[in-house]
Amino acid sequence: MLKHPKYLSLTALLLMSGVTLAEPTTQPTADTYEAYQAVAKAALADYEKLIPKKEGLADANAAQRDAVAPEAIPLVKKILVNLDEMSRVRPDIKRQILAVRLNQEAVLYALSDATTVSTLDEKAKASGTDGQLPENVVLRGKWYRAGKDAEKQAAVIKEIDQAAAARPKDIFLSQFIADIRPGAADEVMKQHLMDVMANTLDNPTSKGLVAVMKNADKTLGFQGKPIVLAGKQPNGKDFTTADWKGKVILVDFWAVWCAPCRAELPRVKKVYDQYHDQGFEVLGVDNDYEADTVIKFTEHEKLPWPQLFDAAAGSNDAWNPLTLSFGINGIPVMFLIDKKGVCRTVSAREDFETLIPKLLAE
């Protein structure tokens, strides 16, 4: 369960609305959520052939966006049409789908779809509540269009400042700022956006996101620095990564109660089996509340790597202090440590299959 702000790809946003069940089809075969969902998923797959999800629209330069726009725009519009149908047949998740829909409109804006740009610009001129969502979509679209250009980003941030001053209670604006902040061109911009969240915006969402972002900054601060993890195992024995000198180490902050954590274990087991004999190790930092839970689960699942467990924290229904010390407030999170003991990435979960062999070859 991811709780720190980051760029959300089209895939992630559609997953948030439940686009995971049906296999792609070209047309809905029935008036059902699953049928419209399948079409959206198929359109998304075609879109990501043009703009890979790992790169994302904000990382593509203007020439790349212009080149794929004629093909990408119809696909995004198809996603929008089917999101609307999904919302119609499943009104209970209408709010979740709205968040996805707003992002798709921002994508169309960034791709310079003439109809979308004209419509949103006109709506954004409205004042009061009715104008808030269109204004935020326009801002997001402009941010995507700015890409990694610091000057263009600065221009959008000026508009964000004005919007925050005018609409301090706007929770959608708060979430937008939290989403884009990791992609800011430099630390000055990142701090400025943090200040806007903390000092200009005045709503519960903003205050909560500031705390989350501060923890995310703390986590990111360990990247590129030597780290050693040490503590007790569930059986009470001591363990430290200092004993793994010269090894490449994947650190998995997880818990048995965390379904997304358990879902990642087959991936971890696969790379462990593939690379362990070449000097690769895995360490689990467990955030369960009873040692028996960890012991029974790891034995049943045949997880051969050690786990760190804090009995005192568990007895108080608290997470492992090691997890919290790294600023982590949402799991699973994975670090990757190189042979010299340096933390090379705090987001190894995304592509550790690619990174591990590269670190082993160093």
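The values are calculated or read from the model by the stated rules, or taken from the named source; none is laboratory data. Since this is a predicted model, take the numbers as computed values, not measurements. Virtual Cβ from ideal backbone geometry, glycine too; neighbours counted across all protein chains shown. For accessibility, only protein heavy atoms count, side chains too; no ligands or nucleic acids. Shrake-Rupley method; radii C 1.70, N 1.55, O 1.52, S 1.80 Å.
Annotations for the structure displayed:
- In this label model, Asp351 and Arg267 are separated by 1.3 nm, measuring between points 7 Å along each Cα→Cβ vector.
- Taking the chain as a whole, the Cys residues whose C-beta sits 4.7 Å or farther from every other Cys C-beta are Cys343.
- Cα Rg, Dmax, the chain, angstrom units: 22.4, 65
- Annotation: lysines with alpha-carbon distance below 19 angstrom to Lys152 (same-chain offsets under eight excluded): Lys142, Lys190.
- Normalised convex hull volume, the range 159-241, alpha-carbon set, Å³ per residue: 118
- Cβ-Cβ distance of Phe239 and Ala99, R₀ of 41 Å, FRET efficiency by 1/(1 + (r/R0)^6): the value works out to about 0.45.
- Per residue, the chain reaches -17500 deg cm²/dmol at 222 nm when only DSSP H runs of four or more residues are counted, each adding -39500 (n - 2.57).
- Within-12-Å neighbourhood charge of Leu173 [Cβ basis; K, R +1; D, E -1]: -3
- Full-extension gain in nm, Lys77 to Gln223, via 0.36 nm per residue minus C-alpha separation: 48.7 nm
- Above-threshold pairs, the threshold being 31 Å between Cα atoms, out of Lys232/Lys340; Lys49/Lys218; Lys296/Lys340: Lys49/Lys218; Lys296/Lys340
- Summed residue charge, Cβ within 12 Å of Trp257's Cβ, Lys/Arg positive, Asp/Glu negative: -3
- Hydrophobic, long helices, defined as DSSP H runs whose alpha-carbon span along the helix axis is 20 Å or greater and whose mean Kyte-Doolittle value is at least -1.0, occur in the chain at 33-50, 62-89, 94-110, 129-146, 150-166, 204-220, 259-275.
- Estimated translational D of the range 216-329 in µm²/s (Stokes, Kirkwood radius over Cα pairs; 37 °C; 0.692 mPa s): 224
- For the range 254-319, trypsin sites (Lys or Arg not before Pro) meeting the loop criterion (DSSP other than H, G, I, E, B) and having at most 11 other Cβ atoms within 10 Å: Lys302.
- Those aspartates and glutamates that a straight Cα-Cα span of less than 18 Å connects to Lys158, excepting residues fewer than 8 apart in one chain: Asp121, Glu135, Asp149, Asp170, Asp179, Asp186, Glu187, Asp195
- A simple count of charges around Lys358, restricted to other residues whose Cβ falls under 11 Å of its Cβ and scoring Lys, Arg +1 and Asp, Glu -1, yields -3.
- When restricted to Cα atoms, the range 110-224 yields an Rg and a Dmax of 14.4, 47 Å, respectively.
- Distance between the 7 Å Cα→Cβ label points at Leu324 and Ser118: 5.7 nm.
- Stokes-Einstein D for the range 204-266, Kirkwood Rh over Cα pairs, 25 °C, 0.890 mPa s (µm²/s): 164
- Close amide-amide hydrogen proximity is noted between Val282 and Leu250, each under 5 Å apart and 5 or more residues distant or on a separate chain (H modeled in the peptide plane; Pro and chain starts excluded).
- Apportionment of accessible area to carbon and sulfur, the range 85-200, percent (1.4 Å): 52
- Principal axes of the range 323-362: Cα extent on each, largest first, Å: 32, 20, 8
- Contour excess over end-to-end distance, with Cα ends at Lys152 and Ala361 and 0.36 nm allotted per residue: 71.3 nm
- Entry comment: accessible area of the chain is 48 Å² per residue, from protein heavy atoms only and a probe of 1.4 Å.
- The chain: most fluctuating residue of His192, His276, His300 per GNM, C-alpha cutoff 10 Å: His300
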